[in-house]
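Visitor: Just dropping this structure here.
The values are calculated or read from the model by the stated rules, or taken from the named source; none is laboratory data. No experiment lies behind these values; they were computed from the predicted model shown. Glycine gets a Cβ as well: all are built from the backbone with ideal geometry, and neighbour counts include every protein chain shown. In case anyone asks, the SASA skips ligands and DNA or RNA and just uses the protein heavy atoms, side chains included. Shrake-Rupley method; radii C 1.70, N 1.55, O 1.52, S 1.80 Å.
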Amino acid sequence: MSIKRSLATTTISGFALSAAFVLTLLNLLLQNLPAHMHRAGDELLKLNADEGIANAVTTVVVYFRGFDTLGEIAVLFIASLGIGLMLGENERCEIKAESNFMLQTASRLLFPIITLYGIYVMVYGHLSPGGGFQGGVIIASGVLLLLISHKEYEVPHSLVVWLETFAGVAYVLIGLIGLLTLDVFLSNFLPHDIAQMGLLISGGIIPIIYILVGIKVGSEMSMIVQNLIKRQSNV
Amino acid sequence: MMGFIILATFIGMLIIAFSAIIQKSLADSIILFMGVGLGSVVLFFVFNAPDVALTEAVIGAGISSLIFLMALKHLKAES
């Protein structure tokens, strides 16, 4: 069975694509709508200052919608589990092309920088654009660079298991402590003074939760990448 | 000036997307699909959504095209 596309597929996808682009462009051009139509979250965003977080998006993702973030992490875990179940048991597939000297040297040079940038994006998620999801995936892309340049490299499995378990359990435990102290799941029980806004240690539990999210996403994405690259499908 | 940048990015994305559709080889299509993702990164950034732009740059242009390429490799190994 060869992979080919018929003319109909090309035409239909071409029409669908151009329709989507034209609709988006129209949507952008029709920006002078009534004012109340693009202000759905303003009442919510006014509460943002109470938490002492400089980045309002982080407050929405981790605090106002913290339970949704827990669900998203669970979804990512299930995806990682499925890929591991489908591909993890099979034998190692050898990467045929030998990586050359330049790729190996450059990956040794770049991997610490990529990891450092990922940790920066993760830790500064409550101050600047970014956060746990992005930082975790940046670290996973550094692992991808190591995987394609060094044939014998493997992600340390026991370390990844412990990190992932720790991050997931700690997220739920922080939520439960909030439930016990302030009667709301994932409530901000640590001090979050508005005078501290913009400092690295500010905002109570929100940066802690985003770092935990980053650890969990990074380990899960690293395992997904390793399973996809190193294992042979036998379906 | 900003509107010109936005329109130019849109037209560039359209051209890249059409050429991704009409490519013969699927690997070339995936690489061009990454190009569409990069164009949308610029648009997100212009429209004051740097968080979404970072996510799109990392996930849309990076990891998802890796997953597409690996799926393509597995499909070729089957056929």
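Visitor: Please verify whether residue B:5 is in a helix (DSSP H, G or I) and at pLDDT 90 or above, treating the condition exactly as stated.
Guide: No; evaluated as a whole, the condition is false for this residue.
Visitor: Aromatic (Phe, Trp, Tyr), out of contact with any strand residue (DSSP E or B) (no Cβ under 7 Å at 6 or more places or on another chain), at the interface with chain A (Cβ under 9 Å from one of its Cβ atoms) and farther than 19 Å from residue A:17 by Cα: does that describe residue B:10?
Guide: In short, no.
Visitor: Moving on to the next point. With the requirement that a residue be open to solvent by 80 Å² or more (accessible area, probe 1.4 Å), at pLDDT below 75 and under 30 Å from residue B:74 (Cβ atoms), what does segment A:3-51 give you?
Guide: Scanning segment A:3-51 gives A:4, A:5, A:7.
Visitor: Another question about this same structure. Looking at this structure, is residue A:218 open to solvent by less than 60 Å² (accessible area, probe 1.4 Å), assigned to a helix (DSSP H, G or I) and touching a residue at least 40 places away in the same chain (Cβ under 8 Å)?
Guide: Yes; evaluated as a whole, the condition is true for this residue.
Visitor: OK, next. Anything in segment A:44-64 that is touching a residue at least 24 places away in the same chain (Cβ under 8 Å) and β-branched (Val, Ile, Thr)? List them, or say none.
Guide: Matches in segment A:44-64: A:53, A:57, A:58, A:59, A:61, A:62.
Visitor: Let me ask something else about it. Pick from segment A:125-172 the residues that are among the polar types (S, T, N, Q) and within 14 Å of chain B (Cβ to nearest Cβ): which of them is nearest to residue A:55 (Cα to Cα)? Can you show your working first?
Guide: Initial filter on segment A:125-172 (among the polar types (S, T, N, Q)): A:128, A:134, A:141, A:149, A:158, A:165.
This time we only want the ones that are within 14 Å of chain B (Cβ to nearest Cβ), so: A:128, A:134, A:141.
On the way: A:128: 6, A:134: 15, A:141: 25 Å.
Residue satisfying both the conditions and the ranking: A:128.
Visitor: If you don't mind, there's one more thing I want to ask. Taking segment B:13-46 on its own, how many of its residues are in contact (Cβ under 8 Å) with a residue 40 or more places away in the chain and within 9 Å of another protein chain (Cβ to nearest Cβ)?
Guide: Adding up the residues that qualify gives 1.
Visitor: Now, a different point. Note down all Cβ pairs under 6 Å where the first residue falls in segment B:54-75 and is farther than 17 Å from residue A:223 by Cβ and at the interface with another protein chain (Cβ under 8 Å from one of its Cβ atoms), the second is of a type outside the set (S, T, N, Q) and outside any helix (DSSP H, G or I), and they're at least six residues apart or on different chains.
Guide: Within 6 Å, the pairs are B:54/A:129; B:54/A:130.
Visitor: Still on this model: Within segment B:17-50, work out how many residues are closer than 21 Å to residue A:125 by Cβ and either open to solvent by less than 20 Å² (accessible area, probe 1.4 Å) or aliphatic (A, V, I, L, M) (or both). Let's see the steps before the verdict.
Guide: Let us first name the residues in segment B:17-50 that are closer than 21 Å to residue A:125 by Cβ, namely B:41, B:44-45, B:47-50.
If we keep only those that are either open to solvent by less than 20 Å² (accessible area, probe 1.4 Å) or aliphatic (A, V, I, L, M) (or both) too, we end up with B:41, B:49.
Of the residues in that region, 2 qualify.
Visitor: Let me ask another. What are the residues in segment A:121-132 that are open to solvent by 10 Å² or more (accessible area, probe 1.4 Å) and at pLDDT 90 or above, if any?
Guide: A:122, A:123, A:124
Visitor: Any residue that is part of a loop (DSSP other than H, G, I, E, B), more than 20 Å from the chain's Cα centre (by Cα) and within 14 Å of chain B (Cβ to nearest Cβ) - is there at least one of those in segment A:185-193?
Guide: For segment A:185-193, residues part of a loop (DSSP other than H, G, I, E, B), more than 20 Å from the chain's Cα centre (by Cα) and within 14 Å of chain B (Cβ to nearest Cβ): absent.
Visitor: Report yes if some residue within segment A:174-195 is surrounded by 22 or more Cβ atoms within 10 Å (Cβ to Cβ) and in contact with a Phe, Trp or Tyr (Cβ under 6 Å, 6 or more places away or on another chain); otherwise report no.
Guide: Within segment A:174-195, none of the residues are surrounded by 22 or more Cβ atoms within 10 Å (Cβ to Cβ) and in contact with a Phe, Trp or Tyr (Cβ under 6 Å, 6 or more places away or on another chain).
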